[in-house]
Amino acid sequence: MMKIMKKSITDQLFSALKEEIIRQSIKAGEQINPREIAEQYGVSVMPVRDALTRLASFGLVTIRPRVGFFAREFTPTEIREIFEVRRLHEVYCMERYFDQIDRIELERIDKAMDAYEAHPTREAFDQVDEALHDLLIAASENRFLMETYNHVKDLIILIRHLDLGRIDYSHREHRQIVDAMLAGKKELALARLEQHLDNVRNSTLENIGAMEGLA
Ligand code: NI
């Protein structure tokens, strides 16, 4: 019984801290003090350390021996590598499964973009961004392909939040991608998707460059 309780606290902490890290309320590179987290959540330090260790195995937390836990920071090489994985999955799926893309979900995303324009919030943008890119992967109906994409998904979300200045541009690019998809213009949609991924990658690289410059 004790063990089950402890495990579920660790699970809850894992989810809560993961959310804080990927939404950047704990900033990239910031040191995470297990004692402070324990106080904040009203739990003991042990499950906090367990949750942080588990987050480290997912690549969201870095452990520096004798120093402590840090929220994940990305090197330019890692950013390039993650975007390469995105391109590999998203462009491939759009190219190969264009006709299988869920039309109803695509129209729902189109409406969600209207809603975003009427009332632009970070949350609304994130939902559209995630739904649109996931839609391409889902079209494959390939469980293994979805799993490999999901493997880097937390990192994709984390990276998206490193690039706060770009929402409006990204929104316009999403709009153009969706317009081309709705019109059945595959080559145009592909070109726009590739351009979008390159633009997001480049501006993320610029952004972390700027952050490194400030440090
Ligand atoms: Ni996007």
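The values are calculated or read from the model by the stated rules, or taken from the named source; none is laboratory data. Note that this is a predicted model, so its numbers are computed, not measured. A quick note on method: Cβ atoms are made from the backbone with ideal geometry, for glycine too, and the neighbour counts reach across all protein chains shown. Note: accessible area is taken over every heavy atom of the protein model, side chains too, but ligands, DNA and RNA are not part of it. Shrake-Rupley method; radii C 1.70, N 1.55, O 1.52, S 1.80 Å.
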### Query
Which one of these does residue 80 not meet: (1) more than 22 Å from residue 20 (Cβ to Cβ); (2) open to solvent by less than 90 Å² (accessible area, probe 1.4 Å); (3) in a helix (DSSP H, G or I); (4) touching a helix residue (DSSP H, G or I) at 6+ places or on another chain (Cβ under 8 Å)?
(2)
### Task
Just give me the residues in segment 18-38 being surrounded by 14 or more Cβ atoms within 10 Å (Cβ to Cβ) and in contact with a strand residue (DSSP E or B) (Cβ under 8 Å, 6 or more places away or on another chain), in sequence order.
21, 26, 28, 29, 30, 32, 33, 34
### Message
When you check residue 137 against the structure, is it hydrophobic (A, V, I, L, M, F, W, C) and surrounded by 15 or more Cβ atoms within 10 Å (Cβ to Cβ), yes or no?
### Response
yes
### Message
Let me confirm something: among 174, 161, which residue is within 16 Å of the ligand (Cβ to nearest atom), at pLDDT 95 or above and outside the structural domain of residue 55 (by TED's automatic domain parsing)?
### Response
174
### Query
(1) within 14 Å of the ligand (Cβ to nearest atom); (2) among the hydrophobic types (A, V, I, L, M, F, W, C); (3) open to solvent by 60 Å² or more (accessible area, probe 1.4 Å): which one isn't true of residue 188, the others all being true?
(1)
### Query
Quick check, is residue 155 more than 14 Å from the ligand (Cβ to nearest atom), over 19 Å from the mean Cα position of the chain (by Cα) and aliphatic (A, V, I, L, M)?
no
### Flag for residue 54 being farther than 30 Å from residue 202 by Cα, of a type in the set (Lys, Arg), modelled with pLDDT under 95 and in a loop (DSSP other than H, G, I, E, B)
no
### Query
If we keep just the residues of segment 186-215 that are basic (Lys, Arg) and modelled with pLDDT of 95 or more, which is nearest to residue 27 (Cα to Cα)?
192
### Query
Looking at 142, 207, 150, 202, which is the one that is away from the ligand (no atom under 13 Å from the Cβ), surrounded by fewer than 18 Cβ atoms within 10 Å (Cβ to Cβ), among the polar types (S, T, N, Q) and in contact (Cβ under 8 Å) with a residue 40 or more places away in the chain?
207
### Query
Does residue 107 fit the bill of being closer than 28 Å to residue 205 by Cα, open to solvent by 20 Å² or more (accessible area, probe 1.4 Å), of a type in the set (D, E, K, R) and not assigned by TED's automatic domain parsing to the domain that holds residue 16?
no
#### Entry: Residue that is within 30 Å of residue 61 (Cα to Cα), touching a residue at least 12 places away in the same chain (Cβ under 8 Å) and open to solvent by 10 Å² or more (accessible area, probe 1.4 Å), where the choices are 112, 124
124
### Message
I'd like the full set of residues that are open to solvent by 50 Å² or more (accessible area, probe 1.4 Å) and free of Cβ contacts under 8 Å to residues at least 60 places away in the same chain, limited to segment 47-72.
### Response
49, 50, 53, 54, 57, 62, 63, 64, 65, 66, 67
